[in-house]
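Below: one structure, written as C-alpha cells.
Derivation of every value follows stated rules applied to the coordinates shown; laboratory data play no part. Quick caveat, the model's predicted, so the values are computed rather than measured. We place every Cβ from the backbone using ideal geometry, glycine too, and count neighbours over all the protein chains shown.
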Amino acid sequence: MNNIDQLRMDTFLGRTMIVVAALTSALIAVPARAEEPKIEAPNVVVISPRIVTSGQPTANALSHLGEQGFKAVIYLAPPTVHDAVAGEGDIVRRQGLEFVNIPIEFGQPTDADFEQFAEAMKRFQDRKVLVHCQVNMRASTMTFLYRVIKAHEPPDQAYQSVARVWSPEGPWKRLLIAELRKAGIAFEPY
C-alpha cells in the first residue's frame, strides 16, 4: 500500500469513527420510551402519566417516589392496618411530597370518604400522584369514581383499572352504584 492509499484509508477510518461516535451518542441520549414507575407494591396500575394506584408500597419504594416524579401520595387505609409502613407520612414528606391519609374502613366506605378523596385529587390535579391502600381495592375504586364523576371519563374505559385488581362487592359495590346514580351516570359495575 503506497502513501496515498494509506492516507485515504486513515481518512476513511477517521471519518467512520466520528460518524459511529455521533450515532452512539444520539442513541444513548434518546430514551426508547418513557419508563413506567418502578414501585415495590402489589397491584400497581398506571392509569396515566399523572395517576398511579397500588397496594401498600414498601418503605424502600416510598422513599424513592420523589425520584420518579411523584409530588403527592394519598393513602386510603387506616395507618393501623397490619401491613402499614410505620412513619409513611414522614418518609413521603422528607422528599418534599405531600401526604394525605384518608383512613377508609374497608367494610364501611362512605360518601364522605369519596368526597374527601375527590377534594384531595382536585388539589393534586396538576401533579403526579400515587393513590394506594393495602391491595389497591380502595384505591382503584375511589380513583374510578373520581375519574368518572369529577373528571368525566367514560366509565367503561375507567373501570378497566378496577377490573385489573378486583370485582367490588358488598359495601364497595353499593358505594359505586350509589355514587354513580347520584351523579346521573348509567353504568353497572361488574
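Data overview
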| item | result |
| --- | --- |
| Cα→Cβ-extended label distance, 7 Å offset, between Gln68 and Gln160, nm | 2.1 nm |
| Cut-off 13 Å between beta-carbons: net charge of the residues surrounding Phe124, Lys and Arg +1, Asp and Glu -1 | +4 |
| Span from the segment 43-111 Cα centroid across to the segment 138-190 one, whole angstrom | 20 Å |
| Environment charge of Lys150, counting only residues whose C-beta is closer than 15 Å and scoring Lys/Arg +1, Asp/Glu -1 | -2 |
| Residues Gln125 and Lys182, FRET efficiency given R0 of 25 Å [Cβ-Cβ distance, rounded to 0.05] | 0.70 |
| Qualifying lysines (Cα of each under 27 Å from Cα of Lys150; at least 8 residues distant if same chain) | Lys71, Lys122, Lys128, Lys173, Lys182 |
| Stokes-Einstein diffusion coefficient of segment 45-182, Kirkwood radius over Cα pairs, 10 °C, 1.306 mPa s, in µm²/s | 107 µm²/s |
| Cβ-based net charge around Val85, under 14 Å, with every Lys or Arg adding one and every Asp or Glu removing one | -2 |
